[in-house]
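A short reminder: the numbers here are calculations on the coordinates, not readings from a lab. What you see is a predicted model, and the numbers here were worked out from it, not measured in a lab. Cβ coordinates were reconstructed from backbone atoms using ideal geometry, including for glycine residues, and neighbour counts include every protein chain displayed.
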Amino acid sequence: GGYGMFDCLKFAALCLSSPNKIISNKFAWNKFACASVQAKLVNIATVLPLVIWSLRIICGSAQRCLYFDRMPDQEHQLAAVEDLVLSLATLPFIGCFGFGFLFDRKYTRAWQVYAWTARLPLIRRRWPIFRDIAALSATALVAFALEDGTNGLTIHGVFLWAVVACLACFHSVLFEYMAEKIFMGVIGTAWQYESKPRAQRPVIFGLRYGLAAYACNFQMSFVDAVIVLRLAKSLLIRKMPTALTVETSECIFCEFTGKWRLWTAIAAARLSMIAAAGMDDLCVDTIPLLELDVRNLLKLFATTTFGDVDGNLCFAGAPKHFVNMGLDLITLIFVNVSIYSMMKAAEYLGRYLLKNRPGENAIPGVTGPRVADFGPGALALIGWVVSFGVLLTA
């Protein structure tokens, strides 16, 4: 048969709440035994929350403009127009995000690798470019969604981010784990996330860096924090815990893992810009656009780090910059650990649900006590439905 919407929803619900019903009647569900079909369902479940969140911002801004005449003063009217313009700015990123998935449709668990014949600096000859387009677009969508007419990070924005992260990083990973293990018939000691459905990598990348960059106010100290973390990962490839970087979803950064010379050169370049900020106090605002040579570009970039309110370079801001870099590094690591914890929690819950179920028709080599159908899996299913409801209405 076909893959009707009702059958897909029922299959997902049974995977979470009552996997024993699928195991005892695998023949009725054999159309979902194909790994590519499971990956398609997981990809949709992963992408959908982020798309809904982004479209919700646009619809909310447009709805506020419908009551333009009822607003008390011109200030509120101007704020409504600004919110609408800002929300419409997400449309190109939604387009790029969707383009990355629609153009590259060859695989469901991997991104197609494209090759160039010419040698380009810092760019490999084989690169999954549409994966990185989707990842960077997802980062922009998360940042725009967190803005949503506010001037800073709010509890409401973080709450909605947590709902989207829970749907994309916990529920979709749990569903994928359950579906794969039910039809595979074996619970492995280690679940290899690297081969999982492709949508999870760019979406998780966007959730991580979108929140971290927005929380750090898009300052140069955050860029330095990313450089430090990637340099540490390249130097300590096997010693650094996976939770600190969530390496499987690093997308474009994972292409440079282990290339410590590259990250050392980037770090040295940043330190040179910091040193340049202390040796020159010229005002970069007076530099004409056509005269932006290498030296002036260096000043301009350094001023983003140490510039005062008048645009002058001020080396006295160096200690503050390094303090901010440390705080941004802590923020990035905290976000990474939170996302990784959701993914590991989904794995542990899936392992528990497959072990604690009716003994008949059990997976070979796995035994467990008989438990009621209603349990942690059913609660996860209820949480999945409620989360979508909250995302649409909150």
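The table for this structure:
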{"quantity": "Principal axes of segment 1-50: Cα extent on each, largest first, Å", "calculated": "35, 23, 18"}
{"quantity": "By average C-beta atoms within 10 angstrom, highest first, the peptides 207-216, 244-253, 332-341", "calculated": "207-216, 244-253, 332-341"}
{"quantity": "Distance in nm between pseudo-label sites at LEU86 and VAL323 (7 Å out along the Cβ direction from Cα)", "calculated": "2.8"}
{"quantity": "Kirkwood Rh and Cα Rg combined as Rg over Rh, evaluated for segment 127-181", "calculated": "1.11"}
{"quantity": "Tensor-based shape of segment 202-257 (alpha-carbon gyration tensor, a/c under 1.5 rounded, otherwise prolate or oblate)", "calculated": "oblate"}
{"quantity": "Ranked packing of 170-179, 26-35, most packed first, by mean Cβ within 10 Å", "calculated": "170-179, 26-35"}
{"quantity": "Per residue convex hull volume, Cα atoms of segment 1-91, in Å³", "calculated": "130"}
{"quantity": "Spatially proximal lysines relative to LYS233 (Cα-Cα < 28 Å; intrachain offsets below 8 disregarded)", "calculated": "LYS196, LYS259, LYS320, LYS344"}
{"quantity": "Proportion of all alpha-carbon pairs of segment 68-107 beyond 15 Å (%)", "calculated": "58"}
{"quantity": "In range of the label at THR393: residues from segment 157-172 whose backbone nitrogen is under 13 Å from the point 7 Å along Cα→Cβ", "calculated": "none"}
